[in-house]
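*Asks:* Before anything else, here's the structure in question.
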Amino acid sequence: MSCRRLLVTNNPLLNNNIPCAEFVEGDSLDVLIRARNLVHSGWKLLSHPLYGNLRPYQHPYRSILLEYARQEKTQIPDIQSLDYMENALGVYSPEKSRIPSDDDMPEDVRDDFAFLDAELMKESLSRYGLWPREELKNVH
């Protein structure tokens, strides 16, 4: 990957508007699994995977910001990032059957959830220079 910082997301609003975004086809648990795998390969969390105090079954979208941090001399993943990811997976995995899919909801509800996820990520994305200068364009 050519980006030093990467947003892993299943939110179509952020995918279409954020440079260096990796779109995950799937639910929020799939996003957590992808981010955890990136942590194992040398990436470090820049945002907490359980931001927003939302239960897994309340929100279809999840976004996680990471930075490539692997030093050539070490093969050890960032332990704190890995701990946060494993804890988040421990919260989400038991709720797998209840995690909503955006396919199951009306378009206006999906748009609201996409907007909420973007707003929750806005501060982190701005801090690292990834928030677009123009307002986000609607998903549809």
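*Asks:* Rounded to the nearest 500, what is the chain's calculated 222 nm mean residue ellipticity when only DSSP H runs of at least 4 contribute -39500 (n - 2.57) each, over all residues?
*Replies:* -12000 deg cm²/dmol
*Asks:* Ok, one more. Please state the relative contact order of the chain as a whole percent: Cα pairs under 8 Å, 6+ residues apart?
*Replies:* Worked out over the chain, it gives 32 percent.
*Asks:* Moving on to the next point. Per the 1.4 Å probe, what fraction of the accessible area of the chain, in percent, lies on carbon and sulfur atoms?
*Replies:* It is 47 percent, rounded to a whole number.
*Asks:* What is the angle, in °, between the Cα long axis of helix 107-127 and the longest principal axis of the Cα atoms in the chain? Nearest 10 is fine, range 0 to 90.
*Replies:* 30
*Asks:* Quick check: residue separation of VAL109 and ILE76 times 0.36 nm, minus the Cα distance between them. What number comes out in nm?
*Replies:* Using 0.36 nm per residue and subtracting the Cα-Cα distance, I get 7.8 nm.
*Asks:* Working from Cα positions, state the angle (0 to 90°, nearest 10) between the long axis of helix 79-92 and the longest principal axis of the chain.
*Replies:* Taking the Cα atoms of the chain, the angle to 79-92 is about 30 degrees.
*Asks:* With every protein chain present, what is the per residue accessible area of the chain (1.4 Å probe, Å²)?
*Replies:* Accessible area per residue: 56 Å².
*Asks:* By how many degrees, 0 to 90 and rounded to 10, does the Cα axis of helix 28-40 deviate from the longest principal axis of the chain?
*Replies:* Helix 28-40 sits at roughly 10 degrees to that axis.
The values are calculated or read from the model by the stated rules, or taken from the named source; none is laboratory data. Not measured: the values here are computed from a predicted model. All accessible areas refer to the heavy atoms of the entire protein, side chains included, with ligands and DNA or RNA removed. Shrake-Rupley method; radii C 1.70, N 1.55, O 1.52, S 1.80 Å.
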